[in-house]
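The values are calculated or read from the model by the stated rules, or taken from the named source; none is laboratory data. On a predicted model such as this, the values are computed, not experimentally measured, just so you know. Cβ placement follows ideal geometry from the backbone for every residue including glycine, while neighbour counts extend to all protein chains displayed. SASA here: full protein model, heavy atoms, side chains in, ligands and nucleic acids out. Shrake-Rupley method; radii C 1.70, N 1.55, O 1.52, S 1.80 Å.
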Amino acid sequence: MLVSMTVRNIALIENLQIEFTPGMQVLSGETGAGKSILIDSINLVLGERADRGLIRSGCDRASVEALIDITGLDKVKQLLAEQQLEAEGELLSIYREITHGERNVCRVCGTIVPLTFLRSLSELLVDVHGQHEHQSLLDGKKHMAFLDSFGDASFIDQKHKTAEAFRIWKESSTKFAALRKENAQRAERTEYLTSRVKELDAAQLSIGEADKLSVERDRFAGAEKIDIAVRNAYTETYAGGREQSAMNKLRSAADGMRAIEGLDPRYAALMNRMNAAYYELEEIGLELRDILEKESFDPERNEEVLERLDLIRKLERRYGMTADELVTHHEDIRDELSRLGSMEDRLKRAEADYKQKLLVYRQEAAQLTAARKALAEQLEKTMEQELSDLGMQNTRFACVFEQPGPDVKRIPTVEGDDHVVFYIAPNPGEPLKPLDKTASGGELSRLMLAMKAAGAAHEGIPCMIFDEIDTGISGHIAQVVAEKMGSIARYHQVLCVTHLAQIAAMADTQFFVEKNVHNDRTFTSITKLEKEERIREVARLIGVSNEQQESGYAHARAILNAAWDWKRKLPK
C-alpha cells in the first residue's frame, strides 16, 4: 500500500507530507483547493509525463517522493531483483524530480533508473482512474485480460500450458519457414555453390601452403642472384670458356717469368708469387664449383612457385579471406551443398514437426477457450448484478468471443485463439452492441466501477486511486457507488477524490484539502480529519448552511453512522 508521500513545489503545494492508511481514504475540499494537484503528484511519481508547468512559480525544481509497502508483492520484488535493487525492509522508495532546465531524475531505492522501468514497476503498485480514465474500456484489446483476471489456479495453469505450447510451435514454425525460404532459393544457390566448390577443388588448397610457398619464393629470389654471381666467378677464375680463365692466364704469365728468373732475383721472386697466386685461385675455383653443385638454382621450380602463389592471391581477393580460411570455407560450402541435396527430406520432417506442434497448441488453446467461456458466464452474471446495484437494472452484459472472417486465417497467439470483446444492451429490447457503439459517458463510468468492484478480490494491484469518477451521480446511486468503493477497499487500499457526502462518509480515513493565502502567496494544505471534523466536512458536502447547521450536522452524523454500520456488517 501507499504509506506516505512528500510533495515539494508542485503548483500550489510548497511542502506537504501525507501519511496514508489501509482501507478507504477520501480527499475532499472546495473546488480548486488542490485535490487534483495531489493526484497529479501521484501520477508524476508513478512515471507519468513530466509537465514542467507543475513546478511552483518562482521555483527551479519540484519533487515527489513516495514510500510504498511491498509486503507480499513477489512480482514487484522480482522486478527489483532483476535491476539489482533492494527495498529497505518492505518499504520501497520512489523519487521523481523535475526542473526547468536540467535533466529530470527518477530514483527507485535511491538508485537512478530509466523512466520506462519506473512505469513498469508502477503498473504493479497503483491503478489510477481519473474522470476520463473509463474511456480505456473502449479498447477491446484490454477486455480479455480483465476476463482472465477472474481465473482460478486451474485456469492460470491452462494459460501457462497454452503459452508453452505456443512457444514450442513458434520455434518449429520459425525453423520450417526458414527451410521453405532456403528451398525457394535452392536452385540458384546450388548452382552458385557448385561453381565455387569446383573452383576450390581444382585449386586443392591446404592449410599452411601459402606460407610455405612464400618462404620458398623468397629463397629462390636470393638463389637466382647467388647462382649468377657464383657461376660467373667460377667461369672467370677456373672453368674458362671461349676466353682463357684467370688461372690459365696466370699460369702462362708464371711460365714466362720462369724463363728469366735467373737473370735477376726479383724476377724469381715474382715468379714464385705468381705460382702461389695460381694455387690460391685454383682452391677458389674448386670451392665455387662445389657451391654451384650443391646450391643450384631451379628456374622451373621457381616459376611453379610464382604461378601457384599468383593463383592463391587471386582466390583470396575473390573470396575476401585468407588461403587458410578458404580451406575451411571449402568444407563449409561442400556441407551446405550436401544439405541442399537433402532439402526435400528435411522439408518433409520440418513440416511434420510443425503440424504436430500446431496440433498440440490447438488442443491446449481449445481447452483454454472452454475454460474462458465458463469464466465469461460467471463474469456476465456478476457484472449484471453489479450494474443493477449501480442503477442499470435492465442492462445485459456479454463477453463475446469474436470469430475471424471466412477468409482470415487464425494465427496462434500466446494468449490462445480467442478474441473477447465486451458487449452491453443498456435498455430492454435493444440488441447487444460493443461498448464503443453503445455506452454513454455516464454508463462507461459506472461500468468501470462495476468492473473494479467485480474484480476487487482478483485484481493484483494493491492500491486504487479514483479521481472524481463520481461526477454526475447523486441520490441512491451515490450511496451504491460509495458501497462499491467500500467493498473494493476490503481488498485494496483505495484513495478517492470526491464531492459526494456518501462516499466521504464511507472512508476509513478522511483528508481535508484547502488553500490559504499568506504573504500574497497561495498555499495548499491537507489535514487528517478527526470524528467531529468529519461531521462538519460531510455536512459541508451536503450543502448545510449556517441556518441549517443543527439539522445538517444531525444529517451528517446519520450518514456517517449508516456508513459505519454498513462496514461493520461486511464479512471479515
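The modelled label-to-label distance for the pair His499/Glu325, using points 7 Å beyond Cα in the direction of Cβ, is 7.5 nm. Stretched out straight at 0.36 nm per residue, the stretch from Arg258 to Glu550 would grow longer than its current Cα-Cα span by 88.7 nm.
Here the spin labels are modelled as points 7 Å beyond Cα on the Cα-Cβ line, and at Ile228 and Asp298 they lie 2.2 nm apart. Within the full protein context, the accessible area of Phe523 is estimated at about 50 Å² for a probe radius of 1.4 Å.
Along the range 322-333 the Karplus relation, 6.51 cos²θ - 1.76 cosθ + 1.60 evaluated at θ = phi - 60°, assigns HN-Hα couplings of 6, 4, 5, 5, 5, 4, 5, 4, 4, 5, 4, 6 Hz to successive residues, with x for each Gly and Pro. Taking the range 513-535 and a reference point 7 angstrom along Cα→Cβ of Ser57, the backbone N atoms nearer than 13 Å belong to 520-523.
Checked against a 32 Å cut-off, the cross-linked pairs Lys77/Lys433; Lys181/Lys409; Lys159/Lys355; Lys357/Lys381 give Cα-Cα distances beyond that limit for Lys77/Lys433; Lys357/Lys381.
Between Met343 and Ala163, the contour length at 0.36 nm per residue exceeds the alpha carbon distance by 61.7 nm. Note: the chain, Cα convex hull, 307 Å³ per residue. With both labels modelled 7 Å from their Cα along Cα-to-Cβ, the Glu19 to Glu171 distance reads 5.4 nm. Mean residue ellipticity at 222 nm, helices only, the chain: -18000 deg cm²/dmol; runs of at least 4 DSSP H residues each add -39,500 (n - 2.57), and the sum is divided by the number of residues. In this calculation the C-beta distance from Glu30 to Ser474 is compared with R0 = 22 Å, giving a FRET efficiency of 0.75. Relative to the current alpha-carbon distance between Gln356 and Glu532, full extension at 0.36 nm per residue lengthens the span by 56.2 nm. Share of carbon and sulfur in the accessible area of the chain stands at 49%, probe radius 1.4 Å. Using Cα atoms only, what is the angle between the long axis of helix 441-454 and the major principal axis of the chain, expressed in degrees (0 to 90) to the nearest 10? Around 80 degrees separate the two axes. Note on Lys528: lysines with a C-alpha under 19 Å away, same-chain residues under 8 apart excluded, are Lys35, Lys515. Solvent-accessible surface (1.4 Å probe) assigned to Glu82 amounts to roughly 120 Å². What is the sum of charges around Glu532, taking Lys and Arg as +1, Asp and Glu as -1, for the other residues whose C-beta is under 15 Å from the C-beta of Glu532? The answer is +2.
Here the average projected area of the convex hull drawn through the C-alpha atoms of the range 266-327 stands at 7.4 nm². Applying 1/(1 + (r/R0)^6) with r as the Cβ-Cβ distance of Thr116 and Arg490 and R0 = 35 angstrom yields a FRET efficiency of 0.60. If you plug the beta carbon distance of Ser149 and Ala366 into 1/(1 + (r/R0)^6) with R0 = 35 Å, you get a FRET efficiency near 0.95. In terms of accessible area, using a 1.4 Å probe and ignoring ligands and nucleic acids, Asp407, Asp345 rank largest first as Asp407, Asp345. Largest to smallest in accessible area, the residues Trp169, Trp566 fall in the order Trp566, Trp169 (1.4 Å probe, all protein chains included). Using a cut-off of 30 Å between alpha-carbon atoms, which lysines can reach Lys314, once sequence neighbours fewer than 8 places away in the same chain are excluded? Those lysines meeting the cut-off are Lys198, Lys212, Lys225.
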